[in-house]
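Read-outs: derived from the displayed coordinates by stated rules, not from any lab. As the structure is a computational prediction, the values presented were derived from the model and not from experiment.
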Amino acid sequence: MREHFLVFSYGKDEHVPIFSCVGSNLKTRNVCKCETQLVDNTDPLMIVSKKTTMDGKEINMKIIYNYTDDCARFKEGTLSIDGKEYPISMCATFSSLQIEEWCYDNIDVVRLPDNIF
């Protein structure tokens, strides 16, 4: 199990950065600590579980990656909160990322279609 930072992205003006935070407009209020655990690693898929708490609510995520050539690429994912399940449209990991006035190392960006909070 690995603990690290995670930021949720869902606003129309927020984007998963293509380059190191150029125009992402991510919000510090959507940053939280997250625990990630490898669930299954059956070639070519890798499944991880992510758990966090935000605004007093427990959030569980299941992320599936295609793992080829020593590179994991997001395939699909779901997020569960308050007994409801939502699709994750993108998940990316950054070694360093500027969000507003703070810089975070080893942070995941999880893109949701809407604000579920």
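Data table
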{"read-out": "Lysine pair number, Cα distance threshold 18 Å (strictly under), the chain, separation 8 or more or different chains", "value": "13"}
{"read-out": "Region 2-111: translational diffusion in µm²/s, Stokes-Einstein, Kirkwood Rh over Cα pairs, 37 °C, 0.692 mPa s", "value": "229 µm²/s"}
{"read-out": "Residue of VAL31, VAL39, VAL16 that the Gaussian network model of the chain assigns the largest fluctuation, springs spanning Cα pairs under 10 Å", "value": "VAL39"}
{"read-out": "Most mobile of LYS57, LYS33, LYS75 in a GNM of the chain (Cα contacts under 10 Å)", "value": "LYS57"}
{"read-out": "Separation between Cα centres of region 84-117 and region 34-61, rounded to whole Å", "value": "13 Å"}
{"read-out": "Long-range amide H partners of SER9 with built H, under 5 Å", "value": "VAL110, ARG111, LEU112"}
{"read-out": "GNM result for the chain, Cα springs below 10 Å: residue of ASP70, ASP13, ASP55 fluctuating most strongly", "value": "ASP70"}
